[in-house]
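The values are calculated or read from the model by the stated rules, or taken from the named source; none is laboratory data. Since this is a predicted model, take the numbers as computed values, not measurements. Every residue, glycine among them, receives a Cβ derived from its backbone with ideal geometry; neighbour counts consider all protein chains shown.
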């Protein structure tokens with residue numbers, strides 16, 4: 001459920017890092033990792049800066065909206081209070097691409113504003129010379145008591161499901177996990193299975209993303225745009241990827257619960 005139309009928008013200097021970040025060689029599969037954001041590791045993360053994903057997005061990705069503070073990754077939404085509409089928003093993406101495995105994060109939002117989207121997802125698409133494949137957790141902050149899960153396969157939305165959140169994401173932390181296997185995809189919230197798909201699954205290696213953005217166009221989905229009075233944030237405590245077949249790597253992982 002997230003349109004991505006970056007090619008016409010990316011300047012040459014911002015497009016280049018996306019195109020050259022190739023997947024690991026076949027004989028060098030990526031290693032499992034857990035990131036706690038004491039700082040932003042420039043070898044792992046690319047910060048989106050200087051473009052939008054299309055006319056549907058009414059903010060511009062900005063490195064000024066991405067911060068590591070107090071052991072958290074904070075993706076800010078910085079409204080333009082001058083009235084000129086130059087809103088800025090935050091996004092990070094991994095340099096590496098990942099195929100299958102367990103993808104997990106602990107995150108929260110700090111607001112309830114209509115027209116904003118706080119997301120943890122994987123994505124690959126035309127900007128990488130690949131079909132559009134995607135796996136999502138998206139909090140539409142007009143209703144922080146739910147999270148959307150979804151996939152795209154060759155550009156077509158599949159497997160959407162809306163999951164209740166208790167407490168709402170602006171009142172407490174939640175752990176979001178998905179286990180991606182060749183024949184099955186499972187989504188978990190706080191260790192509990194909330195959705196499963198076995199047909200029409202993504203097949204391409206994808207980058208891991210966090211993003212916090214706004215629209216004044218996609219109102220049916222995200223609600224009428226409500227400009228925040230000041231900066232608001234998506235906060236990320238940690239993120240991890242565990243390679244297929246590996247055991248639980250840390251206590252908070254959903255894999256520990258599944259192994260019990």
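Looking at 194, 239, can you tell me which residue is touching a strand residue (DSSP E or B) at 6+ places or on another chain (Cβ under 9 Å), at pLDDT 95 or above and either within 23 Å of residue 61 (Cα to Cα) or not in a strand (DSSP E or B) (or both)?
Within the list 194, 239, the selection yields 239.
Yes/no matrix, rows are residues, columns are (1) free of Cβ contacts under 8 Å to residues at least 12 places away in the same chain; (2) surrounded by 19 or more Cβ atoms within 10 Å (Cβ to Cβ); (3) over 19 Å from residue 106 (Cβ atoms); (4) within 16 Å of the chain's Cα centre (by Cα):
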residue: 134; (1), (2), (3), (4): no, yes, yes, yes
residue: 164; (1), (2), (3), (4): no, no, no, no
residue: 183; (1), (2), (3), (4): no, no, yes, no
residue: 188; (1), (2), (3), (4): no, yes, no, yes
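In region 235-248, is there at least one residue being surrounded by fewer than 20 Cβ atoms within 10 Å (Cβ to Cβ), without any contact (Cβ under 8 Å) to a residue 12 or more places away in the chain and either within 28 Å of residue 67 (Cβ to Cβ) or in contact with a helix residue (DSSP H, G or I) (Cβ under 9 Å, 6 or more places away or on another chain) (or both)?
yes
Of the residues that sit in region 61-78 and are in a loop (DSSP other than H, G, I, E, B) and in contact with a strand residue (DSSP E or B) (Cβ under 9 Å, 6 or more places away or on another chain), which one is farthest from residue 94 (Cα to Cα)?
Out of the qualifying residues, it is 71.
Residues in region 32-60 that are in contact (Cβ under 8 Å) with a residue 60 or more places away in the chain and not in a loop (DSSP other than H, G, I, E, B) were compared, and the one that is farthest from residue 84 (Cα to Cα) is 33. Of the residues making up region 136-162, just one is buried (at least 21 other Cβ atoms within 10 Å of the Cβ) and over 24 Å from residue 106 (Cβ atoms), namely 152.
Here the condition is being at positive phi, buried (at least 19 other Cβ atoms within 10 Å of the Cβ) and either modelled with pLDDT under 95 or in contact with a strand residue (DSSP E or B) (Cβ under 8 Å, 6 or more places away or on another chain) (or both); of 90, 115, it holds for 115 alone. All conditions but one from (1) at positive phi; (2) at pLDDT below 95; (3) surrounded by 15 or more Cβ atoms within 10 Å (Cβ to Cβ) apply to residue 85; the one that does not is (3). Residue 102 passes every criterion in (1) out of contact with any strand residue (DSSP E or B) (no Cβ under 8 Å at 6 or more places or on another chain); (2) within 21 Å of residue 252 (Cα to Cα) apart from (1).
In the set (1) in contact with a helix residue (DSSP H, G or I) (Cβ under 8 Å, 6 or more places away or on another chain); (2) crowded, with 18+ Cβ neighbours inside 10 Å; (3) at pLDDT 95 or above, residue 103 fails one condition alone, (1).
Every condition in (1) touching a helix residue (DSSP H, G or I) at 6+ places or on another chain (Cβ under 9 Å); (2) more than 16 Å from residue 120 (Cβ to Cβ); (3) buried (at least 17 other Cβ atoms within 10 Å of the Cβ) is met by residue 52 except one, and the failing one is (1).
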